[in-house]
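Here's the structure we're looking at; comments come further down.
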C-alpha cells in the first residue's frame, strides 16, 4: 500500500489540487500535515486528510489524527504542538501512546525519514517553502510504501519527479 504525504503549502492551493488529481486512485490515502492556510472545508480536504498547523487559523482542523489499516498505524501531527523544532521527544511519547508504527510530521520544512525505537518518522518537507539541505529542490513531498517486511520512503519534487538519492527502506 502506498500513501502520499504533503505538508506546509502555505496557501499554494494549486499544488495540492494537482497532487490530489494526479495521485487519486494511485495511493491508499493522502495526508496533509498542516500549514495549508486554507479552510477546513475546502474541497481539497475531501481527499487529503489534514491536521492543523501553526499557520492555520481555522479551528475546525484536528490537532492530530490516527489512521489505521491492517498493516500500519499512522499518527499524524504537524509538530508545533510537540515543539519538534527542538526535539522529537514529545512527539515520540505521543506516538508510543497511540501505538503507531509510522509518524507523519511537518513544521520544520526540512524533509527526513528516520526509524527511532521501531517507529518510522517522516517529514515530507515543505511543498512550498523548503528549508535546510534540500531547499534547492524547491518543494518536496513523500510517498510511503508499506510492505510486509519494510517501509519504503521516496521523496519527490513539486513536479512529481523522484529524487533518487532521497529513497530509503526501513525494516519493520
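A short reminder: the numbers here are calculations on the coordinates, not readings from a lab. Not measured: the values here are computed from a predicted model.
Miscellaneous remarks
- When only Cα pairs below 8 angstrom with a gap of at least 6 residues are kept, the chain shows a relative contact order of 20 percent.
- The Cα center of the stretch 86-138 and the Cα center of the stretch 38-78 differ in position by 15 Å.
- Computed [θ] at 222 nm, helices only, for the chain once each DSSP H run of length n ≥ 4 contributes -39500 (n - 2.57): -3500 deg cm²/dmol
- Note on residue 150 and residue 171: the extension gain reaches 7.1 nm, defined as 0.36 nm multiplied by sequence separation minus the Cα-Cα distance.
- Fully extended contour minus Cα-Cα distance, from residue 13 to residue 43, at 0.36 nm per residue: 9.8 nm
- With only Cα atoms counted, the stretch 55-172 has Rg and Dmax values of 14.0, 40 Å.
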